[in-house]
Every structure is written in structure tokens, then in C-alpha cells.
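Trainee: The structure follows.
The values are calculated or read from the model by the stated rules, or taken from the named source; none is laboratory data. The shown structure was predicted, so the numbers you read here are calculated from the model rather than taken from an experiment. Heads up, the Cβs are rebuilt from the backbone with ideal geometry, glycines too, and the neighbour counts pull from every protein chain shown.
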């Protein structure tokens, strides 16, 4: 009568030790604001990477993410590619702890200025101007810091302000203390389409296409960090410059890649799990692309 119990016990033991039931490592993914695209993209990855636990963590932005990944507080992160440039200028050795896993999508540097500021391009900014770039570690602040690293003579004299979001838009619309704001992200965001366009009578987009930046700002591999593109005419009708006859004009911009990076120590300790993370990332990319496609 003990034989059935022994067989049942052996079966339960085998089931408990099977790969499907074994404890899988979790993957802590640092993203950004819980209202932003990085956070949303993290949940799209979590949705398809069902073979392991993905924990999506909101953060202060790209530099905060790199700090957490290098310290082992997160296993991977979404960051702007120019954040690697800024972070390496502060802690070059730390980047050896990070592996690039892929590109999410392309982001544009949007410069919004008071219509009376006479700033048509980022190169028009002088020491008489103040630009809202957000708090340290935010996407816009990171890009601004990269601008200064690449061309101190041109950009270091420009005053910066830590305001961001709707507060920054309000300050630029007023124009007395802050004349412009920098915002970095995919085209068609609700912040630009809704919040910024509500101030369209006072605010206008200026070009960020400083062609010297591409020649100077390079990553550890010697490759250019920035690309060049444009915000197509009609993307944000109320805040784009008017066309020669009618409609609006395209606005030339600098672009930066949004990257997926991971902690090398975690990869080395969890090679099979990392393969599943990468498969999940590949599977999520169409949905992530749809997320940032202007509607």
C-alpha cells in the first residue's frame, strides 16, 4: 500500500524540480516617468516576455537609469543614447558594466520658444536667453548637457532653468524669465499635441539642427550620437512656423536613439534568461513602434 504513495511523491518531486516550475530570475527594467513612453514601452515588453518576470520601474530619467543599472539596482533600462555620452564624462569606467541591447525608436529634440524671443534655431540662443531643460537626469537636461559638452563656447553661456512639463510651457508663454524649453521625445506626444498647442498663440517650435553637433558628439565607439531629421509640416499646426503661402513649415531637428541597455553582470549570471528578454524585446518592437507613431 506504500507503493502508490512513493510513486506519487516521486512525481511531485519531479514536477517541483522541472524547469517550468523552477524559480526564474526576475528582470528589473528602469524606464522613466509613469506617464511617458519608456514606461509604456516597458509594459509592452513585460506583456510579451511571459517566460520570466519583468518588473517595470518608474524613474527620473536616463541618467538615473544608468546610475541604477551600473549599481545593480536595475538589470536593464531604456535610455537616450546621448545619456551614455554625458554619463561617461562623469564616470567613464561605469560604462563597462553596461551592454547595449537594441534601439527602441528615434526621438526628436523639440525646442519651443516664445514667439517674441527671436529664436528661430538653437544656434540663435545667447547668454541673454534662459532655456527650461528640466531637473538633472531628465531627458531634456541630458541632451542639453551633451550640447554643452560638444560645444562649450556656444552653449555654456546660455542660462538654464529646471522647470519642466506644463509649468515650463507656462513660463515660455510668458517669456519674461524663460524664453525657450527643450523637450526630447517621439513625434506626436500628448505633451506637444495637447499642452503645447494650447499655448500656440505665444509659443512656436524652433529648429535644433546644429550641424556641428553631429561632427563633435560621438560615443565610445567613435560613432555620431545625433542624427538629423525634421518635424513634418502639420504635425503640430498651432506651434509650427507658418508656411510661405499657407499651412505650416517643417522644422529641422536633431534626433537621438532611445536605447535598451542591460547590466553585464546580470547577463553573465543569467544567460538563458537574457535570451528570453531579448526575444521579448524583439516581439514587443512592433507594438512599441505603434506607440510612438504620430496619430
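Trainee: Check whether at least one residue in segment 34-47 is on the phi > 0 side of the Ramachandran plot and modelled with pLDDT of 90 or more, and report yes or no.
Mentor: Checking segment 34-47: not a single residue is on the phi > 0 side of the Ramachandran plot and modelled with pLDDT of 90 or more.
Trainee: Also, I was wondering about something else. I'd like the full set of residues that are part of a loop (DSSP other than H, G, I, E, B) and either closer than 30 Å to residue 97 by Cβ or touching a helix residue (DSSP H, G or I) at 6+ places or on another chain (Cβ under 8 Å) (or both), limited to segment 210-234.
Mentor: Those that are part of a loop (DSSP other than H, G, I, E, B) and either closer than 30 Å to residue 97 by Cβ or touching a helix residue (DSSP H, G or I) at 6+ places or on another chain (Cβ under 8 Å) (or both): 210, 217, 219, 220, 221, 222, 223, 225.
Residue by residue, here is whether (1) buried (at least 19 other Cβ atoms within 10 Å of the Cβ); (2) touching a residue at least 24 places away in the same chain (Cβ under 8 Å) holds:
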| site | (1), (2) |
| --- | --- |
| 53 | no, yes |
| 64 | yes, yes |
| 69 | yes, yes |
| 79 | yes, yes |
| 112 | yes, yes |
| 122 | yes, yes |
| 128 | no, no |
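Trainee: Looking at segment 175-197 only, could you name the residues that are without any contact (Cβ under 8 Å) to a residue 12 or more places away in the chain, assigned to a helix (DSSP H, G or I) and over 19 Å from the mean Cα position of the chain (by Cα)?
Mentor: Matches in segment 175-197: 194 only.
Trainee: Among the residues of segment 248-266, are any surrounded by fewer than 15 Cβ atoms within 10 Å (Cβ to Cβ), outside the structural domain of residue 83 (by TED's automatic domain parsing) and at pLDDT below 95?
Mentor: No, segment 248-266 contains no residue that is surrounded by fewer than 15 Cβ atoms within 10 Å (Cβ to Cβ), outside the structural domain of residue 83 (by TED's automatic domain parsing) and at pLDDT below 95.
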